[in-house]
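Here is the structure we will look at.
The values are calculated or read from the model by the stated rules, or taken from the named source; none is laboratory data. Quick caveat, the model's predicted, so the values are computed rather than measured. So basically every Cβ, Gly included, is an ideal-geometry build from the backbone, and we count neighbours across all protein chains shown. Each accessible area value is taken on the protein alone, full model and side chains, heavy atoms only, with ligands, DNA and RNA left out. Shrake-Rupley method; radii C 1.70, N 1.55, O 1.52, S 1.80 Å.
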Amino acid sequence: MYDFGLQPGDGCYVYNVSDNLTRTYVKCVEVREGVYDGLDAIELEEYDAEPQSSGDGYLYNDGTWIRGVGSLFGVTWNNRFGVDGVGGMLLEASLDGEVVYRREVSSVEPAFDDRRMDVRVDGQEVTVTGIDGDDAVSLFTSDGVLVRQFKKTGRDELRFAVPASGLYIVKCGQDSCKFVAW
């Protein structure tokens, strides 16, 4: 799966166990020392076959291996770097309980969150809590089509089933929430 000894100009065939043992040729174009928590990055070009001369072979994409760990897409995703719709992301790697690599992730907290409503989903069964007893509850598809409207009876909880799996929006007064039913 990997040849962590590759140096610039070296190449080898690798197989991907996550993609039906797809074989491609990877060529090391650069080794960047210590860039990932002190670990080296092996920068690669990926081809359909070993290029015999300059401009030979079909260049699929570029990728990166972390020496001794694996690909930035995950340990079992060592090639097929540019494939759409598949793959992963290596978040953390450890050895003997010590973290040797951790991908820093970013996030943004909401500027404010005064939403009272809470939505719990179990398959296609939905429970909405924290709603005002006087407000109507509306269920919309992800593109804004009204599916159903519920009249409240003064209770703080509403249970219902969605008509099919998918992404929905529930709205009550000024509160709204997206959820996925399966």
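What list of ³J(HN,Hα) couplings, whole Hz, do you get for the range 31-38 from phi and the Karplus terms 6.51, -1.76, 1.60, once you set θ to phi - 60° and write x for glycine and proline?
So the Karplus estimates, Gly and Pro as x, are 10, 9, 7, x, 7, 10, 6, x Hz.
Per the 1.4 Å probe, what fraction of the accessible area of the chain, in percent, lies on carbon and sulfur atoms?
46
Quick one: among Val128, Val31, Val99, which has the greatest mean-square fluctuation in a GNM of the chain with alpha-carbon springs under 10 angstrom?
Result: Val128 has the largest fluctuation of those listed.
Enter the accessible area of Asp37 (Å², nearest 10), with the probe set to 1.4 Å and all protein chains included.
The accessible area comes out at roughly 100 Å².
For the full complex of protein chains and a 1.4 angstrom probe, list Val180, Val162, Val100 by accessible area with the highest value first.
Putting Val180, Val162, Val100 in descending order of accessible area: Val180, Val100, Val162.
Suppose each label sits 7 Å from its Cα in the direction of the beta carbon; what would the Val17-Ser138 distance come out to in nanometres?
5.2
Compute, for Tyr58, the solvent-accessible surface of its heavy atoms (probe 1.4 Å) with the complete set of protein chains present, and express it in square angstrom to the nearest 10.
140
What does the charge add up to near Gly63, with Lys and Arg as +1, Asp and Glu as -1, over the other residues with Cβ less than 13 Å from its Cβ?
Neighbour charge sum, excluding Gly63 itself: -3.
Provide the per residue accessible area, probe 1.4 Å, for the chain, rounded to a whole number of square angstrom.
62
So who's got an amide H within less than 5 Å of the one on Val147, skipping anything under 5 residues away but keeping other chains? H placed 1.01 Å off N, in plane.
Here Leu139, Phe140, Thr141 satisfy the definition.
Taking amide H atoms as placed 1.01 Å from N in the peptide plane, list the residues 5 or more away in sequence, or in a different chain, whose amide H sits under 5 Å from that of Val35.
Ala41
Residues with amide H under 5 Å of Asp10's amide H, sequence separation 5 or more or different chain, H placed in the peptide plane at 1.01 Å from N; which?
Hits under the 5 Å cutoff: Cys28.
Pairs of lysine in the chain with Cα under 21 Å and at least 8 positions apart or on different chains: total?
On the way: Lys151/Lys171; Lys151/Lys178; Lys152/Lys171; Lys152/Lys178.
Final tally of qualifying lysine pairs is 4.
Would you rank Met89, Met117 by solvent-accessible area, highest first, keeping every protein chain in place and using a 1.4 Å probe? Each step should come with its number before you reach the end.
Numbers: Met89 105, Met117 5 Å².
Sorted descending by solvent-accessible area, the residues read Met89, Met117.
Kindly report, to the nearest 10 Å², the accessible surface of Thr64 as traced by a 1.4 Å probe over protein heavy atoms only.
That residue has around 20 Å² of solvent-accessible surface.
So what are the three principal axis dimensions of the chain from its Cα atoms, in whole Å, longest to shortest?
Principal-axis extents of the Cα atoms in the chain, largest first: 75, 35, 28 Å.
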